[in-house]
Structures are given as structure tokens and as C-alpha cells.
1. Which members of the stretch A:49-95 meet the condition of being at pLDDT below 90 and surrounded by 20 or more Cβ atoms within 10 Å (Cβ to Cβ)?
2. Sort out which residues of the stretch A:170-181 are surrounded by 17 or more Cβ atoms within 10 Å (Cβ to Cβ) and more than 23 Å from A:Lys64 (Cβ to Cβ), and write them in order of number.
3. Whether any residue in the stretch B:3-22 is of a type in the set (Ser, Thr, Tyr), within 14 Å of another protein chain (Cβ to nearest Cβ) and part of a helix (DSSP H, G or I) is what I want to check.
4. Keeping to the stretch B:201-211, report how many residues are facing another protein chain (nearest Cβ under 7 Å) and modelled with pLDDT of 90 or more.
5. When you go through B:Gly158, B:Gly214, B:Gly152 one by one, which is the residue that is within 14 Å of chain A (Cβ to nearest Cβ) and at positive phi?
6. Within the stretch A:96-150, track down each residue that is polar (S, T, N, Q), surrounded by 23 or more Cβ atoms within 10 Å (Cβ to Cβ) and within 12 Å of another protein chain (Cβ to nearest Cβ).
7. Test A:Ala184 against the stated conditions and say whether it is surrounded by fewer than 20 Cβ atoms within 10 Å (Cβ to Cβ) and within 14 Å of the chain's Cα centre (by Cα).
Amino acid sequence: MTPGAPARATAEAAPAPRAGGDPLIRLFHVSKSYSAGTFALRDVSVEVKKGELVFLTGPSGAGKTTLMKLLFAAERPSEGQILVLGRNVARIGERGIPRLRRRVGVVFQDFKLIPTRTAEENVAVALEVIGKSPREVRGKSFAMLKRVGLQHRRHHRPAALSGGEQQRVALARALVNDPAILLADEPTGNLDAALTLEIMDLIAAAAARGTTVLVASHDAALVKRYARRVLRLEGGQLVEDLSGSAIR
Amino acid sequence: MTPIVFQLYYFVRAAIAGLRGSRLTTVVSIATIAVAVIPLGGLWVVTGNMRALLDQFGNELQLTAFLDAKVRSDAGRSLAARAAAIPGVERVEFVSQEQALERFRARLGGSALLEALEANPLPASLAIALAPDHRTPEAVAAVSEALHALSGVEDVAGGESWIEGYGRALRLVRSAGIGLGVVLALATLLIITNTIRLAVYARRDELEILALVGASRTFLRVPFLIEGLLQGAVGGLLGVGLLFAIFHVAVPQLRDALELFLGWSDPAFLSPRNVGILVSGGAAFGLTGAAAAVAATRVS
């Protein structure tokens, strides 16, 4: 444990046993500091089990994005250990990162689509990087676009798609590999209310299929509507871990 | 089929898409390699032809060892055998006094002057042809010295001294070619490296996205290497093509000058093998430049 870190966060973060089997994500006293003395995350310990749909909330700068980045190895923790799908992400080697990311789908607020490729090609990249055959890539990309209701837009480039459509393409890309975990960082931050529900329904459907889903959002209404478990971060510390009726 | 085969397919597809996506930089890279290949290939054509000319002179290059008047025919033949054992000597022909006289007669067309001779004034000799790799001024001098050392050899003639000057000129052109080659190679590498760096920079968002969905370092890097390789090969081919065109325009214009100064007017272009070397050299340069760029920009 970090010296001087408040005991409260750890006590509250002590994971309560939940339904859903083994934890797919485990954080042990994780801290992340970008410069000496200031912490983006401080002594966070938490577990997320298979099939859970967890919301990560808190004000801007609370550490939601940092926590997400740690989970797909875009950042490394300054202290503590992180187990994702049984791998210690804190000490993962350069070769291990791609392997981890093939099992962790990620969705961002700004969609992160490749502008020069069509919707279908954007979905396809997730299959191409693991060396699937062109036939399989086409079949799965089409099926996934159909699942998010965009099969008729598959030959369009991102610029020709609306924000909601772009996020559905990004979601299709994140899910096409059947990842064990889906991370969504403010996935509806750029979308209006109707599109927000559309995207969240798709994310919730993925959770219902057994994917472990972690959504970072500061949209209280969204949290109330969809969350079964809420982790609240403030100033880099985990201050609440609520589930069930405690959320509403 | 294995994932590696499919990945190779995706690499090549990504490389071609990359080349098409950054047309201007691609054209600059290809043109750079072509422009570097033209002077290098040109010098190669010149040195190749100088070398061929030297070989041609060399084929005609022959040393003559004049023998002592006391040497009889049988002793002359054994001398010929000893001369043949000198390193660098390809062939030795013994020319007896009688044969020498006959040849002289034949050349003069039966002059009355010769009829008046009471005795044969011509010495017996050894006509010595040199092995191709010994047709250099140094080797000629060495063989000449060895012939002098044989007892019964009175004098050695042949091995025109101008060949020495020509050989020096060839070496000079060749060293200039190597010097120019090094300078051009460095400049080309620098330009290719920077072009590919620009390409990497232009596609950094795409690379980041590919990395996010689990692309390995190899998956991110190999398309750029293929791009460099293709640019280099196309640039090399273009350079050789342009050089060929220049060659065909320039040679008829220079024919008279070549004939006048060298007595030779039919220069050859690069052999298919050397064209292959130039083109693969271009490809190797493209690949090296791309590798340097990818390493410098830490694509991962």
C-alpha cells in the first residue's frame, strides 16, 4: 500500500464476492503518477467478474481514463499490480500487449476510426491483425455491422457517417473478435440523447452475451438507467463501489 | 493457409494503399532513386566499356621474346616450354628463323631486296600471349622480366606503354564512380528515410488505432518496409530505363569522337545481370531507408 494513502479507499474497494465467476480484472493497490507528488490514481484496489457491466463514474480528472488506459496497457501503473485475464499488465512485455488487446475491445469518445477506410474495413482491421483469412474477415465484419444495424452503410467512410453511426462502427470493431472484456471510455460523450441510448443498448447487449463491460461515464442519467455496479472515482481514489439498489 | 500467409497479404495490401495514399511523397522517393541510379549506372556503362576495350587490346597484346642467334630450333622449343611455365603466360609459340623470314617475305610481297640476302638476318622468337587476368601493365612488366631471365632470350618487346595510361584512366573513372556512388547512396538513403518518416507521421493515427486493436509491431512496421522496397525497385527500374534512353540518344552523337580517339565506336549498354543488380540495389536502398525511418519513429 502507498504510504500515506487513506485507508478508506482500500477498505471500500475491498471486493465483495459477486455472482459471475472468476474476476477477469483485478487491481491491487494501483497508483499512477505522471509527475512526482501528483497522482492520477491512488491506491485503487478492485475486482470485476466475468459478465459484469460496471460503470466508472466521477468528475473530470478523477482518473477514469487513466484506469481504462491501465487496463489495455496504454499506460503502466507507478505502483501496484493489475491482472487482466490472468496477465499481469503492470509487468507485461512489449509482445504481450498486442495479445492482451486482441481480447480487450476498446471504444472511445472520439471513435478512433481510420478515415481512409470504409466502415467494413474499419471493423475488419481487428480481424486482420490476428491473421484471419480474408473470407472470414469479410463474413464476420458484415455480421458484426449487421448486429449494430449498419450493414447498409458498410461501404461508407467515416466522414460520410453520423456520429452515432461512427460509434456503432467503433463498437462493431471492438466486439468483432468476441473479446472477453469491453472497455468504453465516455462512449456517448459526443452523441445526443437518442443516439446515446442506441449505443448503450448495444453495449448492454454485449454484457448480456457474457462480455465483461467497463464503461467510463459522468452521465448520471445513463448510470442510473444501465448500471448494475458503479465504481466512483474522485481525485484518483476509489470512493464508492455500489451495486444493485444502492445505485438508485 | 496459415495466419502468416494472410498477414503477408494484408501487409502488401496496406503497403500499396499507403503508396497510393501518399502519392506525392511516393513520387519524390521514386524519382530520387531514379536520379541516383542514372549517374551511377552511367559510370558503370563507361567503366564497363573501357574494361571491354582494354580486354580487346589485351587480346591483341602479345610479347615477343627474341632469341639468341645461337639457339637452335630444339633448344628454342624447350625455351618455349619454360616460357609457358611463367605465371600469367597463356600460350607460347616458337617462331624459328625460317618462319620469321617467311612471314616477313609474305608481308613484303616477295621483295627483291630479300632475294639478295645470303643469310637469314632474322632471329628466332617466342610469341607470347598473356592470360586475361595478366593483361595489366604490372603483369606485363613481371612477365617481361621473367622472360629476360631465361638464358637464350636476348630481348623482349611489346606491351605498349599507352595501355598503362589507359589502365590508369580506367582506375580513375572507377574510383570516381565509387566516390560518387557513396555520396549518392548517402543522399538517397537520407531522402528515402525522410520520405518514409513522413509517411509514418502521416499515418500515425491509423497506426495508433491498429495498435489499439492488437496489431503487433511486425504488423505495424512491415507495410512500410514493403513500401520502401517497392519504391526502391520502381525507382531503380525507372532510372535504368531513363539511362537506356539517354544511352541511345547520346551514343550516335558521340560515335565519331569515340572512333577518332579510341578506334572503337560500338559501346554496349549494361548487361541484363547488371541491370538486375542496379534494380535490386534500388530496392535494397528503399528497404534500408524504410527500416531506418521505422526505427527512428519507433513504430509500435
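The values are calculated or read from the model by the stated rules, or taken from the named source; none is laboratory data. Remember, it's a predicted structure, so these values are computed and weren't measured experimentally. All Cβ positions, glycine included, derive from the backbone under ideal geometry; neighbour counts span all protein chains shown.
1. none
2. Looking only at the stretch A:170-181, we keep the residues that are surrounded by 17 or more Cβ atoms within 10 Å (Cβ to Cβ), and these are A:170-177, A:179-181.
If the condition is that a residue be surrounded by 17 or more Cβ atoms within 10 Å (Cβ to Cβ) and more than 23 Å from A:Lys64 (Cβ to Cβ), then A:Ala172, A:Val176, A:Asn177 are the ones that fit.
3. Of the residues in the stretch B:3-22, the ones of a type in the set (Ser, Thr, Tyr) are B:9-10, B:22.
Filter once more, so that each one left must be within 14 Å of another protein chain (Cβ to nearest Cβ): B:9-10, B:22.
Then drop every residue that is not part of a helix (DSSP H, G or I), which leaves B:9-10.
Yes; the residues of the stretch B:3-22 include at least one that is of a type in the set (Ser, Thr, Tyr), within 14 Å of another protein chain (Cβ to nearest Cβ) and part of a helix (DSSP H, G or I).
4. Here is the first cut: in the stretch B:201-211, the ones facing another protein chain (nearest Cβ under 7 Å) are B:206, B:209-210.
Filter once more, keeping what is modelled with pLDDT of 90 or more: B:209-210.
Of the residues in the stretch B:201-211, 2 are facing another protein chain (nearest Cβ under 7 Å) and modelled with pLDDT of 90 or more.
5. On the way: B:Gly158 fails: within 14 Å of chain A (Cβ to nearest Cβ); B:Gly152 fails: within 14 Å of chain A (Cβ to nearest Cβ).
None of the other options fit; the residue is B:Gly214.
6. A:Asn122
7. Details: surrounded by fewer than 20 Cβ atoms within 10 Å (Cβ to Cβ): no; within 14 Å of the chain's Cα centre (by Cα): yes.
Judged against the criteria, A:Ala184 is not a match.
The rows are residues; the columns are (1) crowded, with 16+ Cβ neighbours inside 10 Å; (2) over 21 Å from B:Ala129 (Cα atoms).
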position	(1), (2)
B:Ile33	yes, yes
B:Gly42	yes, yes
B:Asn49	yes, yes
B:Ala52	no, no
B:Asp55	no, no
B:Leu63	yes, no
B:Val92	yes, no
